Amino acid sequence: MKAKLLFLFISIVILSLSAFGASKSSKGLYNEMKNSYQKNYPEDFVASVSGAKIKTSLKEIPKGARCKGRQPKVTYLFLKGEAESIIVENVENPFVTRFQAHLEVYKNAKSFLDSGKSFAQLQKTYYWKYLSSKSDLYYVIKMRKHRLRESDYMLLYVDKKNLSLKKIVQYSGGKIVGTVNVTYRKVKKYLLPSLLKFNVKLGGRRRREHFILRITNYRVNVDLSSDDIIDLQDDCPSLKKILDQ
């Protein structure tokens, strides 16, 4: 009797898992990811950014470009639905956005999460498809803009447990040109990026660049506005000055 009950229980579990897997669709996953994102991210947050290459790069900023001799520091800015950027405080342009280019692949890969578009509306601009047989650990999504050639696309690896974006692989001409790995940290009730690891091919050359951004000292829901974000791209930005206003 116990053996029959055990067999019945296992059969029900297997059938349930099979049904769940079969019911997962690109549209369903798209909506689930957006809902999870809205729950797991605050309206805004700011944080400190560090890394070995950042430390070296900051030393290359001329003293004459440092505002009143103050020490440059790197800051992460996030405003839900508006902007996500990295700035260097206490310096003049063009050094303010010195590290922004490193963030672009990551930003582009997750841009749909901030989109107010339905899945049908998204499909007018993007090819966005869940590849169900690609991985047991991740939901794997193929994403590309329709205007690009078919061999230029991204594969997005999404954690099946919490629907966070863990890895981005960028292809050009069918070959890998960049990879971003994302680690998260629980901050209060939110799940925020704490480590971004970039491995990028530089132009048409064979040389690759490895770059790590460590994100710490989070402050969430500080009431950033889109105007604040714009102001913080100007010469001699100071987050403290903005937040103290």
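The values are calculated or read from the model by the stated rules, or taken from the named source; none is laboratory data. Values in this document were obtained by computation on a predicted structure and should not be read as measured data. Please note that ligands, DNA and RNA were not included when accessible areas were found on the heavy atoms of the full protein model with its side chains. Shrake-Rupley method; radii C 1.70, N 1.55, O 1.52, S 1.80 Å.
Debye sum, Cα scatterers, the chain, no solvent: what log₁₀ I/I(0) at q = 0.09, 0.13 1/Å?
Per q value, in the given order, log10 I(q)/I(0) is -0.48, -0.90.
Mind pulling the angle between the C-alpha long axis of helix 26-40 and the longest principal axis of the chain? Nearest 10 degrees, somewhere in 0 to 90.
The answer is roughly 50 degrees.
When the distances between all Cα atoms of the range 102-153 are binned every 5 Å from zero, what whole-number percent does each bin get?
4, 17, 23, 28, 20, 7, 0
So with the 1.4 Å probe, I'd like the accessible area per residue for the chain, rounded to whole Å². List each step's numbers first, then the result.
Working: 14160 Å² over 245 residues.
For the chain, the solvent-accessible area averages 58 Å² per residue.
How tilted is helix 2-23 with respect to the longest principal axis of the chain? Cα atoms for both, answer in degrees (0 to 90, nearest 10).
It works out to around 50 degrees.
Separation of the range 89-104 and the range 59-85 by C-alpha centroid, Å?
6 Å
What number, rounded to the nearest 500 deg cm²/dmol, is the helix-based mean residue ellipticity at 222 nm of the chain, given -39500 (n - 2.57) per DSSP H run of at least four residues and division by all its residues? If you can, show how the numbers build up before the last one.
Details: 8 runs with 71 residues, N = 245.
Only helices count here, giving -8000 deg cm²/dmol.
After finding the eigenvalues of the alpha carbon gyration tensor for the range 86-220, what semi-axes result from the square roots of 5 times each, listed largest first in whole Å? Mind showing how you got there, number by number?
On the way: eigenvalues 124, 86, 50 Å².
Gyration-tensor ellipsoid for the range 86-220: 25, 21, 16 Å.
Could you work out what % of the accessible surface of the chain is carbon and sulfur, using a 1.4 angstrom probe and leaving DNA, RNA and ligands out of the count? Each step should come with its number before you reach the end.
Numbers: 7420 of 14160 Å².
Accessible surface attributable to carbon and sulfur in the chain totals 52 percent.
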